[in-house]
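Peer 1: The following block contains the structure, expressed as C-alpha cells.
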Amino acid sequence: MIYTLTMNPAFDYILELDELVVGGLNRAKSFRMVEAGKGYNVALALDSLDVLNIELRAAHAEPRINVKIHAGGSVTEVNTTTTISEDELALTREPLRELEGGDILVASGSLPKGVPTNFYAEIAEELSARGVIVIVDTSGEPLRAVARSGAAFMIAPNEQEFAELSSPGGECDCNVLLSMGEKGAKFIGVDGQEYFCPVEKAAENGYTVGAGDTLLAGFVAEWSKSKDFQKALNAGVKLAGDYVCK
C-alpha cells in the first residue's frame with residue numbers, strides 16, 4: 001500500500017488579478033479556497049492515476065492558510081506555518097505504527113513549529129527497520145538530516161536543494177529523484193547509477209507550482225509496479241508535464 005504523509009497541511013487562498021499593484025488597492029477577478037500541502041498534492045496525483053493510496057496528516061488543531069496571487073502571468077505566494085503540540089505529534093505518529101514491510105510512505109513538505117528537524121530522519125529509520133519504503137520530499141535541515149541518515153529509500157529535492165546537499169559539509173546516502181524544472185528530471189542511485197528524462201512540453205505560463213509533487217507521484221506509481229527506475233522516471237516526467245500544461 002502507498003501512504004502519503006502531510007506534516008504541514010494547508011488551505012490555499014487563491015486570488016486572480018489582472019495586475020498586482022504593490023502598496024495600492026487591488027481588486028480580485030475571482031478567488032477560491034482549496035486544500036493544499038505537498039503530501040496532499042501527491043495523494044491527489046495518485047488518485048488521478050487510479051492508484052490506491054491512504055492519506056495521513058499531522059494532527060493539527062488548526063491548519064495553516066497560504067495566499068497565492070495570480071497576476072500578469074506570474075504567481076506571488078505568501079506561505080505561513082503553524083505549531084503542533086507534543087500531544088498532536090504523538091497522535092500523528094500513531095498511524096505510522098500500522099505500516100508493514102513492503103508498504104511505501106511518501107512524507108512530504110515542511111515541518112510545523114514544534115516538530116524536531118530530524119523528524120523525517122527518525123521515522124525513516126524506524127519504518128525502514130520494519131521493511132517500509134520511505135520517500136521524503138522536504139527542504140532545509142530536515143532534508144539534510146534525512147540525507148545524512150541514509151535511512152530513507154529516496155529523497156526528492158529540486159536543483160537548489162540538491163546543490164546544498166552537495167556543498168561542503170553536505171552528505172547524501174539515499175537515492176535521489178532530482179526535479180530539474182523545464183529541463184526534466186534525473187534519478188541518481190545511491191550505487192552511482194543515473195537515469196535522465198527530458199521534458200517534452202513546458203508550461204506555457206511558466207507556472208510549475210505542484211509539478212514536483214506530481215513528478216514524485218508518477219514516479220512512485222510506476223516504480224511500485226515495475227521496480228524499473230527509468231520507466232518510473234519517464235512516468236513521473238510525463239505526469240508532471242501533463243499537469244503544468246493542463
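Peer 1: May I ask you to say which residue of Ala58, Ala90 is small (Gly, Ala, Ser), free of Cβ contacts under 8 Å to residues at least 60 places away in the same chain, surrounded by 13 or more Cβ atoms within 10 Å (Cβ to Cβ) and closer than 20 Å to Val115 by Cβ? Steps first, answer last, please.
Peer 2: Numbers: Ala90 fails: surrounded by 13 or more Cβ atoms within 10 Å (Cβ to Cβ).
Just a single option satisfies the conditions, and that option is Ala58.
Peer 1: For Gln160, work out the one condition from (1) polar (S, T, N, Q); (2) at pLDDT 95 or above; (3) under 30 Å from Ala71 (Cα atoms) it doesn't fulfil.
Peer 2: (2)
Peer 1: Let me ask something else about it. What number of residues within the range 78-118 are under 17 Å from the mean Cα position of the chain (by Cα) and either charged (D, E, K, R) or closer than 30 Å to Ile14 by Cα (or both)?
Peer 2: Here the count works out to 12.
Peer 1: Of everything in the range 12-25, what is of a type outside the set (Asp, Glu) and exposed (fewer than 14 other Cβ atoms within 10 Å of the Cβ)? Give them in sequence order. Steps first, answer last, please.
Peer 2: Initially, the range 12-25 is screened for residues of a type outside the set (Asp, Glu), giving 13-15, 17, 20-25.
Hits for the range 12-25 are Val21, Val22, Gly23, Gly24, Leu25.
Peer 1: Checking the structure you have, find out if any residue of the range 29-47 is open to solvent by 30 Å² or more (accessible area, probe 1.4 Å) and assigned to a loop (DSSP other than H, G, I, E, B). It would help to see each step written out before you state the result.
Peer 2: The first filter runs over the range 29-47 and keeps only residues open to solvent by 30 Å² or more (accessible area, probe 1.4 Å), leaving 29-35, 38, 40-41, 44, 47.
Now drop any that are not assigned to a loop (DSSP other than H, G, I, E, B), which leaves 29.
For the range 29-47, residues open to solvent by 30 Å² or more (accessible area, probe 1.4 Å) and assigned to a loop (DSSP other than H, G, I, E, B): present.
Peer 1: Kindly state which helices (runs of 4 or more DSSP H) lie completely within the range 52-150 and contain at least 3 residues that are touching a helix residue (DSSP H, G or I) at 6+ places or on another chain (Cβ under 8 Å). Walk me through how you get there before you give the answer.
Peer 2: Details: elements: 86-93, 119-128, 140-149.
Passing ranges, in order: 119-128, 140-149.
The values are calculated or read from the model by the stated rules, or taken from the named source; none is laboratory data. Just so you know, these numbers come straight off a predicted model, no measurement behind them. Positions of Cβ are generated from backbone atoms using ideal geometry, with glycine treated the same way; all protein chains shown enter the neighbour counts. Remember, those area values only see protein heavy atoms, side chains included, never the ligands or the DNA or RNA. Shrake-Rupley method; radii C 1.70, N 1.55, O 1.52, S 1.80 Å.
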